[in-house]
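Remarks on the structure that follows.
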Amino acid sequence: AQSVAQPEDQVNVAEGNPLTVKCTYSVSGNPYLFWYVQYPNRGLQFLLKYITGDNLVKGSYGFEAEFNKSQTSFHLKKPSALVSDSALYFCAVRDSNTGGFKTIFGAGTRLFVKA
Amino acid sequence: EAGVTQFPSHSVIEKGQTVTLRCDPISGHDNLYWYRRVMGKEIKFLLHFVKESKQDESGMPNNRFLAERTGGTYSTLKVQPAELEDSGVYFCASSHISGTEKYEQYFGPGTRLTVT
């Protein structure tokens, strides 16, 4: 069965410091991996995706994520955090083997960036 | 381009009542999805439409939930009768049917359902 784990409920980081939001996944086939961000009273916004190719993918707002097949991880990173990055972040996976569009989300990680 | 819209933004109903949630996807998006997030937990997939056809409804909790997408445009999700455990935020999302953009889902702001 497909699953996504975001081990940290909350991540705190000072503005200007690098940030990492962790995500591990489990699928039977090859994964399609995604990160979404949710700001208060808004819907989820797409940040980036890994489908195939280069393991390091770059997305919106300076975020990037690295696909690590051996560790089944897809951690979200940013070299220098901004206060405006404070939000709820969701990792998601789709199993390419199923051929469908069913996407499994993690429980979310709340990021606090302190000025 | 207008985004995904959902109505109502918030609904409070009593146990046993009926509620209908509406989602208007982005124009031209044939894929439409319903998700639910309960009590700060993971966002759970409910079902997926391609145009008016249900492609995958494996996430629908039980037969108290009925989703429709007549004409392949907007979609409704009806809960009848509502139970306390149905409380949560219901998200709708849409995406293109082909190309690399099909992997990027656009979400609405959600409908917060409270069953008392």
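Can you find, within region A:94-115, the residue that is farthest from the other protein chains (Cβ to nearest Cβ) among those that are modelled with pLDDT of 95 or more and in contact with a Ser or Thr (Cβ under 7 Å, 6 or more places away or on another chain)?
For region A:94-115, the residue satisfying everything is A:Val113.
Which condition does B:Leu84 not pass, out of (1) in contact with a Phe, Trp or Tyr (Cβ under 9 Å, 6 or more places away or on another chain); (2) in contact (Cβ under 8 Å) with a residue 60 or more places away in the chain, if it passes all the others?
Checking B:Leu84 against (1) in contact with a Phe, Trp or Tyr (Cβ under 9 Å, 6 or more places away or on another chain); (2) in contact (Cβ under 8 Å) with a residue 60 or more places away in the chain, the one that fails is (1).
State which residue is nearest to B:Thr114 (Cα to Cα) when the search covers only region B:12-30 and only residues that are within 13 Å of another protein chain (Cβ to nearest Cβ) and either surrounded by fewer than 21 Cβ atoms within 10 Å (Cβ to Cβ) or over 14 Å from the mean Cα position of the chain (by Cα) (or both).
Out of the qualifying residues, it is B:Asp24.
Cβ-Cβ under 9 Å, sequence separation 6+ or interchain: first residue in region A:44-65 and farther than 11 Å from B:Glu104 by Cβ, partner part of a strand (DSSP E or B) and among the acidic types (Asp, Glu). Which pairs?
A:Tyr50/A:Glu66; A:Asn55/A:Glu66; A:Leu56/A:Glu64; A:Leu56/A:Glu66; A:Val57/A:Glu64; A:Val57/A:Glu66; A:Lys58/A:Glu64
For the structure I just gave you, tell me whether B:Gly72 is more than 15 Å from the chain's Cα centre (by Cα), of a type outside the set (D, E, K, R) and either more than 15 Å from A:Gln38 (Cα to Cα) or modelled with pLDDT under 95 (or both).
no
How many residues, within region A:73-106, are among the basic types (Lys, Arg) and closer than 18 Å to B:Glu42 by Cα?
Counting residues in region A:73-106 that are among the basic types (Lys, Arg) and closer than 18 Å to B:Glu42 by Cα gives 2.
Which residue is surrounded by the most Cβ atoms within 10 Å (Cβ to Cβ), if the candidates are limited to region A:44-88 and must be away from chain B (no Cβ under 14 Å) and on the phi > 0 side of the Ramachandran plot?
Result: A:Thr72.
Taking the conditions exactly as written (within 26 Å of B:Val38 (Cα to Cα), in contact with a strand residue (DSSP E or B) (Cβ under 6 Å, 6 or more places away or on another chain) and crowded, with 19+ Cβ neighbours inside 10 Å), does A:Val37 satisfy them or not?
For A:Val37, the condition - within 26 Å of B:Val38 (Cα to Cα), in contact with a strand residue (DSSP E or B) (Cβ under 6 Å, 6 or more places away or on another chain) and crowded, with 19+ Cβ neighbours inside 10 Å - is met.
Is it the case, given these coordinates, that B:Ser98 is more than 13 Å from the chain's Cα centre (by Cα), modelled with pLDDT under 95 and away from chain A (no Cβ under 11 Å)?
yes
To keep it simple, each residue is scored yes or no on (1) part of a strand (DSSP E or B); (2) hydrophobic (A, V, I, L, M, F, W, C); (3) touching a Ser or Thr at 6+ places or on another chain (Cβ under 9 Å).
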position: A:Val4; (1), (2), (3): yes, yes, yes
position: A:Val13; (1), (2), (3): yes, yes, yes
position: A:Gly16; (1), (2), (3): no, no, yes
position: A:Thr20; (1), (2), (3): yes, no, no
position: A:Leu33; (1), (2), (3): yes, yes, no
position: A:Val37; (1), (2), (3): yes, yes, yes
position: A:Asn41; (1), (2), (3): no, no, yes
position: A:Lys49; (1), (2), (3): yes, no, yes
position: A:Val57; (1), (2), (3): yes, yes, no
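Within region B:1-53, which residues are farther than 19 Å from A:Phe34 by Cα, part of a loop (DSSP other than H, G, I, E, B) and without any contact (Cβ under 8 Å) to a residue 60 or more places away in the chain?
Scanning region B:1-53 gives B:Glu1, B:Ala2, B:Ser27, B:Val38, B:Met39, B:Gly40, B:Lys51, B:Glu52.
The values are calculated or read from the model by the stated rules, or taken from the named source; none is laboratory data. Source: prediction; values computed, not measured. Every residue, glycine as well, gets a Cβ built from its backbone with ideal geometry; the counts of neighbours run over all protein chains shown.
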